[in-house]
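Student: This is the structure, below, for whatever I ask next.
The values are calculated or read from the model by the stated rules, or taken from the named source; none is laboratory data. Nothing here was measured: the structure is a model prediction, and the numbers come from that model. Glycine also receives a Cβ, built like all others from the backbone with ideal geometry; neighbour counts cover every protein chain displayed.
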Amino acid sequence: MGRLLGLGMPYTQAKAQYMPNDTIEGASLTLAIAPTVEILLTMIDIVYHGAPVDIP
C-alpha cells in the first residue's frame, strides 16, 4: 500500500484495485478518527495560532 500511495494512487483506488481482501493496518483507525482529528486541528489553529473561528 505504501508503494502505491507513494506513486500517487489514491488510497481507495489502491485498496479496491490491488488489495480488496487485505486488511490495511491503521486504515480503519484513520477512517474512524479522522472527523475528530479535523476538529481538533481546527481548535489548535484557533487557540494556538490565533486563526479565526471557522469550525467545519
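Student: Here are THR42, THR30, THR23: which of them is modelled with pLDDT under 95, loosely packed, with under 10 Cβ neighbours inside 10 Å and either among the polar types (S, T, N, Q) or not in a loop (DSSP other than H, G, I, E, B) (or both)?
Tutor: Criteria check complete, one pass: THR23.
Student: So which residues in region 6-20 are under 30 Å from ASP54 (Cβ atoms) and surrounded by 12 or more Cβ atoms within 10 Å (Cβ to Cβ)?
Tutor: Passing the criteria: only TYR11.
Student: While we're here: Starting from region 17-31, keep only residues that are without any contact (Cβ under 8 Å) to a residue 60 or more places away in the chain, then list their pairs with residues that are part of a loop (DSSP other than H, G, I, E, B) and of a type outside the set (S, T, N, Q) whose Cβ atoms are within a distance under 7 Å, requiring at least 6 positions of separation or different chains.
Tutor: Filtered contacts from region 17-31: MET19/MET1; ILE24/MET1.
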